[in-house]
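The values are calculated or read from the model by the stated rules, or taken from the named source; none is laboratory data. Just so it is clear, the model here is predicted, and its values are computed rather than measured. All Cβ positions, even for glycine, are placed from backbone atoms using ideal geometry, and neighbour counts span all protein chains on display. Heads up: the accessible areas ignore ligands, DNA and RNA and are worked out on the full protein's heavy atoms, side chains in. Shrake-Rupley method; radii C 1.70, N 1.55, O 1.52, S 1.80 Å.
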Amino acid sequence: MHARDTAFWTASAATLRPAAQAYINGRLQDAADGRQFASVCPHTGQTLAMVARCDRADVDAAVVAARRSFDAGSWSRCHPRERKVVLQRLAQLLRDNADDLALLDCLDMGKPISDALNIDVPATAGLFDWYAEACDKLYDEVAPTGPDALALVTREPVGVVAAVIPWNFPLDMAAWKVAPALAAGNSVLLKPAEQSPLSAIRLAQLASEAGLPDGVLNVLPGYGEEAGQAMGLHPDIDCLSFTGSTEIGKRFLAYSAASNMKMVWLECGGKSPNLVFADCADLDAAARKAAFGIYFNQGQVCSASSRLLVESSIHDCFVEKLLTEMAAFQPGNPLDPATRQGTLVDAGHTARVQGFIASGLQQGASLLSGGERLHIGNSDCYLQPTLFTGVTPDMRIAREEIFGPVLSVLRFDSEAEAIAMANDSIYGLAAAVWTDQLRRAHRVARALRAGTVSVNTVDALDPGVPFGGCKQSGFGRDLSLHALDKFSQLKTTWISL
Ligand code: NAD
Ligand code: MN
């Protein structure tokens, strides 16, 4: 057994030969027109693989394979227990291949190897287990129609489901869509983000190894305006589930309207508020979680607690604590197991986040810590964890999603002001409240417009609880049994007696 140190992971990275073709009908294959794009590692600058650049012809082929598999019924109409067993085998295969999967995401988008290995991969495997268990434990309904009829309300898979996902948690985002869609009996097309396509291809290979019939899970790496748009506009895709920016989410609604009125489910951006009241009993815990809530995953988290609202009377003391906690997130080599902040996903995104830092300075916020782009090794995709105080609600850094390690601190003097400030956003994905007053906790939780409100923690997340947004953070819920509703149709069968 090797020491699993930086040298171990660097050596493993050097020998990794990732599959980089499309996965259609149970086989790896090139794009129909042979085109490719480079999958680049943001911390070495090296090309990890030349990846199939799928476009409409490939989406067409994958839809044909998916539809054929769906109609054949080997997955869509099999015994739910068989689905359970295949999904459980896939969960185990994910665990058996944890090192390679963690390395793929670490190399492709720059997250720390420890996070990929200890958080992303186990969560993905756990999610497949969770939906596997759901397969043979859900009952349908009989409606209360009276003595002259028997009305059955049964859940059916919708058919061919497409999933278009971002790069911030490549494997987990794939699982959030694929696991419930498969558990519900659908056939699936998955388009990973162009920045991080490799782990999705591996996932499809492992699914076949687990016994998933050919054509039930297809992976189409490629660009948004090509493969993504072709899925959005396809006349024979029944449902499309998207995670990504609000701007692109809106396009999927338009694609649906312009094509076949496919169901669309959107998990989009956020600007989640974290409210710290002076009556919070454990300000150390609040500061630790506030730092985690924005600096984890380089701040590239849709539900990141990117607006910190602090009651004026504790503002200065809380900011002191925060400065101590954020020191743990100094960026470093993602392949070093001690690193807690890696690189941002690529140079373009790093520059975009820098632009927000510049706008904060220009609009008069105080830069208390960080703000610099760092050059480490061969990469300049590193950003210091950054803290702005003196932020006012009109500033861009208080309103727009930055998707980087930049925290904006605002102050409030009353509960009503805190609630109004928190809700003053086009987004409504998550929120957090720190207070030890029971009544205040419930009052504020009710008043906040967000899909998830965490009390005395941030980012509450579990396979068993729904995740998703209101307002322009989207609609529909991932995770939990509710996610199955997105990928199912209800059928009423009325039998006259
Ligand atoms: P993005 O919206 O640019 O891309 C997301 C996906 O959409 C990618 O697969 C991309 O290829 C595809 N896409 C891009 N343009 C397209 C087009 N014109 N037609 C069809 N598909 C297209 O977002 P991103 O930069 O990859 O990710 C960052 C964003 O994702 C952030 O705004 C973040 O808030 C959001 N996000 C949300 C959640 C959530 O659960 N709500 C989770 C993670 C990320
Ligand atoms: Mn990449």
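Per-structure values
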{"quantity": "Any hit, region 338-352, residues being in contact with a Pro (Cβ under 9 Å, 6 or more places away or on another chain) and of a type in the set (Lys, Arg)", "calculated": "yes"}
{"quantity": "Members of region 29-50 that are surrounded by 14 or more Cβ atoms within 10 Å (Cβ to Cβ), among the charged types (D, E, K, R) and more than 16 Å from ligand 1 (Cβ to nearest atom)", "calculated": "Asp30"}
{"quantity": "Test result for Arg396, exposed (fewer than 15 other Cβ atoms within 10 Å of the Cβ) and over 19 Å from the mean Cα position of the chain (by Cα)", "calculated": "no"}
{"quantity": "Residues of region 184-211 satisfying the condition of being open to solvent by 10 Å² or more (accessible area, probe 1.4 Å) and over 12 Å from Asp105 (Cα atoms)", "calculated": "Ala184, Glu194, Gln205, Ser208, Glu209, Gly211"}
{"quantity": "Strands (runs of 3 or more DSSP E) enclosed by region 1-88 - at least 2 residues per element that are not aliphatic (A, V, I, L, M)", "calculated": "27-29, 36-40"}
{"quantity": "Candidates Gly355, Gly370, filtered to the one that is without any contact (Cβ under 8 Å) to a residue 60 or more places away in the chain and either touching a Pro at 6+ places or on another chain (Cβ under 9 Å) or crowded, with 23+ Cβ neighbours inside 10 Å (or both)", "calculated": "Gly370"}
{"quantity": "Tally of residues being in a helix (DSSP H, G or I) and either more than 16 Å from ligand 2 (Cβ to nearest atom) or of a type in the set (Val, Ile, Thr) (or both) across region 173-202", "calculated": "10"}
{"quantity": "Only one of Gly404, Gly468 that is in the same structural domain as Asp282 (by TED's automatic domain parsing) and surrounded by 15 or more Cβ atoms within 10 Å (Cβ to Cβ)", "calculated": "Gly404"}
{"quantity": "So Ile376, is it at pLDDT 95 or above, touching a strand residue (DSSP E or B) at 6+ places or on another chain (Cβ under 8 Å) and β-branched (Val, Ile, Thr)", "calculated": "no"}
{"quantity": "Residue list for region 53-79, restricted to those being over 27 Å from the mean Cα position of the chain (by Cα) and surrounded by fewer than 18 Cβ atoms within 10 Å (Cβ to Cβ)", "calculated": "Ala57, Val64, Arg68, Asp71, Ala72, Gly73, Ser74, Arg77, Cys78, His79"}
{"quantity": "Residues (within 15 Å of ligand 1 (Cβ to nearest atom) and charged (D, E, K, R)) located in region 116-134", "calculated": "Asp120"}
{"quantity": "Qualifying helices (runs of 4 or more DSSP H) (wholly inside region 218-306; at least 1 residues being within 18 Å of the chain's Cα centre (by Cα) and more than 20 Å from Ala200 (Cβ to Cβ))", "calculated": "246-258, 283-295"}
{"quantity": "Selection status of Pro157, within 16 Å of ligand 2 (Cβ to nearest atom) and either in contact with a Ser or Thr (Cβ under 7 Å, 6 or more places away or on another chain) or open to solvent by less than 30 Å² (accessible area, probe 1.4 Å) (or both)", "calculated": "no"}
{"quantity": "Among residues of region 426-449, those that are open to solvent by 20 Å² or more (accessible area, probe 1.4 Å) and part of a loop (DSSP other than H, G, I, E, B), counted", "calculated": "4"}
{"quantity": "Region 134-163 residues that are without any contact (Cβ under 8 Å) to a residue 12 or more places away in the chain, paired with ones that are assigned to a strand (DSSP E or B) and open to solvent by less than 30 Å² (accessible area, probe 1.4 Å) (beta carbon under 9 Å, 6 or more apart)", "calculated": "Val142/Ala151; Val142/Val153; Pro144/Ala151"}
{"quantity": "Given (1) closer than 20 Å to Phe252 by Cβ; (2) within 16 Å of ligand 1 (Cβ to nearest atom), index of the condition Val158 fails", "calculated": "(2)"}
{"quantity": "Cβ pairs under 6 Å, 6+ apart, first in region 72-89 and among the small types (Gly, Ala, Ser), second in a helix (DSSP H, G or I) and buried (at least 18 other Cβ atoms within 10 Å of the Cβ)", "calculated": "Ser76/Phe70"}
{"quantity": "Sole exception among (1) under 19 Å from Ile294 (Cα atoms); (2) out of contact with any helix residue (DSSP H, G or I) (no Cβ under 6 Å at 6 or more places or on another chain); (3) in a helix (DSSP H, G or I) for Ile397, by number", "calculated": "(2)"}
